[in-house]
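Enquirer: Mind having a look at this structure? Questions to follow.
The values are calculated or read from the model by the stated rules, or taken from the named source; none is laboratory data. Note that the structure is predicted; figures quoted are calculated from it, not measured. Here the Cβ positions follow ideal geometry from the backbone for every residue, glycine too, while neighbour counts run over all protein chains shown.
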Amino acid sequence: MKTLTLSQRHRRTSPFVALRAFVAKLDIERRIRRDTARLEAMSDHELRDIGLHRGDIRDALRHGRDWYLRGH
């Protein structure tokens, strides 16, 4: 019989852990949608000023600045 540690039992039995992770994921997605809308509302000139191209908005938001600067 395999013995679980206290933290393993807590992760497996607590529905709150799964719920907290789900809510955090929803919050991240909501922020990405909000920021995407804000950036898409900017002119091409404004986007260039902050170092973005219109076609890269979603990837830059989803993967972050480091991913974008590495040349995706």
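Enquirer: Of the conditions (1) in a helix (DSSP H, G or I); (2) within 21 Å of the chain's Cα centre (by Cα); (3) surrounded by 12 or more Cβ atoms within 10 Å (Cβ to Cβ); (4) at pLDDT below 95, Leu52 fails just one. Which one is it?
Expert: Going through (1) in a helix (DSSP H, G or I); (2) within 21 Å of the chain's Cα centre (by Cα); (3) surrounded by 12 or more Cβ atoms within 10 Å (Cβ to Cβ); (4) at pLDDT below 95 one by one, Leu52 breaks only (1).
Enquirer: Right, next: With the checklist (1) over 17 Å from the mean Cα position of the chain (by Cα); (2) surrounded by 10 or more Cβ atoms within 10 Å (Cβ to Cβ); (3) modelled with pLDDT of 95 or more in hand, flag the one item Ser43 doesn't pass.
Expert: Just one mismatch for Ser43, condition (2).
Enquirer: If Arg31 satisfies all but one of (1) surrounded by 11 or more Cβ atoms within 10 Å (Cβ to Cβ); (2) modelled with pLDDT under 90, what's the number of the condition it fails?
Expert: With respect to (1) surrounded by 11 or more Cβ atoms within 10 Å (Cβ to Cβ); (2) modelled with pLDDT under 90, Arg31 is out only on (2).
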